[in-house]
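Here the structure is laid out as structure tokens; the discussion comes afterwards.
The values are calculated or read from the model by the stated rules, or taken from the named source; none is laboratory data. Treat the numbers as computed from the prediction; the structure is a model and nothing was measured. Note that each Cβ is placed from the backbone with ideal geometry, even for glycine, and that neighbours are counted across all protein chains shown. When the accessible area is computed, the model is the full protein with side chains, heavy atoms only, and any ligands, DNA or RNA have been set aside. Shrake-Rupley method; radii C 1.70, N 1.55, O 1.52, S 1.80 Å.
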Amino acid sequence: MRVTLIHSAREAEAVFDAVERLFQSTFGYSPNKTAWSRFYFVNPYGDAIAALGWSGDRLVGHHALVPHVVTDAQGKTYRYYLAMSLMLHPEHRGFPAFHRLVATTTDAARRAEASFILGFPNSNSHALFQRVFGWKTLIETELYNWRPHAPASLAPDIETLPCLRLTDEAGPPCDEAYRRWRSLACPYNAERVNRRLAVIYKIERDNTLTLLDALTDDPARSADDLGALLTHTGAYRVRMTGAHARMIGLDPAMMERHTDYRLRMCYAPLMEHPPSIRFSLLLSDVF
């Protein structure tokens, strides 16, 4: 397998048809073109890095790093790359091909002086990223669906949050440029419910409210506040990680498991002291 490296949106656009065919043969469906455009063509933080694996003139491998930033409570900005779209054609899967693709993108990120690489690997690649490239697992959690026992009886007090920061840990920037960019495919909301529950969420096409991050001053009232938020938005259920459920005082054992999918947030430090990062699905390429 011959590996080439691309660094620009123009180069990415030129190979999109080949990437789409590889995506289809690897995952069984086509990529979301709006999401793809957000990461490659309208990214305010620069151009993506992508390693392409070729067998002759056929694309058989792909791994991308997309530039992002996080800021800490003091306002310091850390530039990093989000790893995404690791694909190998079924006829070319194996450790050598995996290693060549990931080593190529990792070396490019290090030369670009990024602070770290963040990734959400699936169960097939998670162990390899850990053993071979030193990725550290920050959190591993399941996804759950939640609905209240009864509809909320009172209209909630909803306050729009001008700032997305929920804790002192590093997280997405508190600016409108980031918010517009991440809302391109599906707008997200940042609100405080009943002056207790701070939430960042999206309403999906199937009318599911996906909780991207949450924090509360009163865990005993979280179920009431989430139920009120469902009433306010008209969504019929909340989807959240087990980690976020526990953060706001809910018991995942009392919820419906959403398939057997396990979500893992991992990172590979490229600097001596990377920041402490708050777990948020805003940082993922999936949500």
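The table below gives the values:
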{"read-out": "In segment 276-287, the residues that are touching a strand residue (DSSP E or B) at 6+ places or on another chain (Cβ under 7 Å), open to solvent by 20 Å² or more (accessible area, probe 1.4 Å) and not acidic (Asp, Glu)", "value": "SER276, ILE277, ARG278, PHE287"}
{"read-out": "Single residue of segment 71-85 satisfying the filter (surrounded by fewer than 24 Cβ atoms within 10 Å (Cβ to Cβ) and under 14 Å from the mean Cα position of the chain (by Cα)) that is nearest to ILE117 (Cα to Cα)", "value": "LEU82"}
{"read-out": "Criterion: among the small types (Gly, Ala, Ser), farther than 24 Å from ARG264 by Cβ and in contact with a Ser or Thr (Cβ under 6 Å, 6 or more places away or on another chain) - qualifying residue of SER153, SER222", "value": "SER222"}
{"read-out": "Residue list for segment 148-175, filter: of a type in the set (A, V, I, L, M) and either exposed (fewer than 13 other Cβ atoms within 10 Å of the Cβ) or touching a Pro at 6+ places or on another chain (Cβ under 7 Å) (or both)", "value": "ALA150, LEU154, ALA155, LEU164, ALA170"}
{"read-out": "Single residue of segment 121-147 satisfying the filter (under 23 Å from HIS273 (Cα atoms) and among the aliphatic types (A, V, I, L, M)) that is least open to solvent (accessible area, probe 1.4 Å)", "value": "ILE139"}
{"read-out": "Any chance ALA268 is among the small types (Gly, Ala, Ser), crowded, with 20+ Cβ neighbours inside 10 Å and over 18 Å from the mean Cα position of the chain (by Cα)", "value": "no"}
{"read-out": "Matching residues, segment 1-17, being open to solvent by 20 Å² or more (accessible area, probe 1.4 Å) and either touching a residue at least 60 places away in the same chain (Cβ under 8 Å) or more than 24 Å from SER183 (Cβ to Cβ) (or both)", "value": "MET1, ARG2, VAL3, THR4, LEU5, HIS7, SER8, ARG10, GLU11, ALA14, VAL15, ASP17"}
{"read-out": "Cβ pairs under 7 Å, 6+ apart, first in segment 47-58 and over 9 Å from THR104 (Cβ atoms), second assigned to a loop (DSSP other than H, G, I, E, B) and of a type in the set (Ser, Thr, Tyr)", "value": "ASP47/SER8"}
{"read-out": "Positions within segment 18-42 being more than 21 Å from ALA112 (Cβ to Cβ), in contact (Cβ under 8 Å) with a residue 24 or more places away in the chain and not charged (D, E, K, R), in sequence order", "value": "ALA18, VAL19, LEU22, PHE23, SER25, THR26, PHE27, PRO31, ASN32, THR34, ALA35, SER37"}
{"read-out": "Helices (runs of 4 or more DSSP H) fully within segment 174-287 counting 3 or more residues that are over 30 Å from ASN124 (Cβ atoms) and in contact (Cβ under 8 Å) with a residue 40 or more places away in the chain", "value": "222-233"}
{"read-out": "Residues that are crowded, with 16+ Cβ neighbours inside 10 Å and of a type in the set (Phe, Trp, Tyr), drawn from segment 18-53", "value": "PHE23, TRP36, PHE39, TYR40, TYR45"}
